[in-house]
Every structure is written in C-alpha cells, then in structure tokens.
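Structure record follows, encoded as structure tokens.
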Amino acid sequence: MLALVATFLLLPFVILNAVQEQVGQAVIDLLLIIGFGLNGWFHYVRRATPGVVFVLLLPSVALGLTLAFDNSPAYGAFWSYPAAICAYFLALPLIEWVHIT
C-alpha cells in the first residue's frame, strides 16, 4: 500500500523535473518509484528480499540528497531529515534480514 502511495506522490515530481530539464533528478525520482514498486510487489507476494532496498532504494535516496545539496544547500537541508527517516525505515528490514541469516 505504501508503495502505491509513494508511486502516486512521486510521479508528479518526475514530470515536473523532466519539464524543467532536470534530468538527473527526474531519473533518481523514477528509480525511487521503481524501487518502491518492486519492494511493494515482493512484500505482496511474500518474498521480501532486502536486495531491492540495498541496491535500488537506499542509493537513490543518497543520490537524490546529494543532488539536492548540489542544486541548492537550503533545498538539500530541507530534504535531509525526510531522507534520513526514509533510510532508517528502509534499512530496518535489511538489518533484520542480515541478523537472521
């Protein structure tokens, strides 16, 4: 359910960044949408794998934050707290998976 909400909330940002010719930010947002979609699908079919989080979502959040700081330090500062919270909650299942195996 969260993956569906994230898809619909992030899609306008992809379109806006593409229209404003900020291709890097649009690609990172699109990777986040794909990552959330794949993560949601794997949880839906009960094959939760942290590989999607580790390979796609966490690097996308880090790249997006880096690009935000590069464009405008204030813009990056505003997005640093949501990015940290997102990374924390995305990393929790990864830590549990590593601890179990």
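Take LEU9 and decide whether it is in a helix (DSSP H, G or I) and free of Cβ contacts under 8 Å to residues at least 12 places away in the same chain. First the steps, then the outcome.
Details: in a helix (DSSP H, G or I): yes; free of Cβ contacts under 8 Å to residues at least 12 places away in the same chain: yes.
Here the answer is yes, as LEU9 does meet what is asked.
Which of (1) among the aliphatic types (A, V, I, L, M); (2) at pLDDT 70 or above; (3) out of contact with any helix residue (DSSP H, G or I) (no Cβ under 7 Å at 6 or more places or on another chain) does ILE95 not meet, given it meets every other one?
(2)
I'd like to verify a number: residues in segment 16-48 that are within 16 Å of the chain's Cα centre (by Cα) and of a type in the set (Val, Ile, Thr), how many?
Residues flagged as within 16 Å of the chain's Cα centre (by Cα) and of a type in the set (Val, Ile, Thr) within segment 16-48 amount to 4.
Given the structure, is GLY35 surrounded by fewer than 17 Cβ atoms within 10 Å (Cβ to Cβ), at pLDDT 80 or above and part of a helix (DSSP H, G or I)? Let's see the steps before the verdict.
Values: surrounded by fewer than 17 Cβ atoms within 10 Å (Cβ to Cβ): no; at pLDDT 80 or above: yes; part of a helix (DSSP H, G or I): yes.
Spelling it out, it is not the case that GLY35 is surrounded by fewer than 17 Cβ atoms within 10 Å (Cβ to Cβ), at pLDDT 80 or above and part of a helix (DSSP H, G or I).
The values are calculated or read from the model by the stated rules, or taken from the named source; none is laboratory data. Quick caveat, the model's predicted, so the values are computed rather than measured. Cβ: placed from backbone, ideal geometry, glycine included. Neighbour counts: every protein chain shown.
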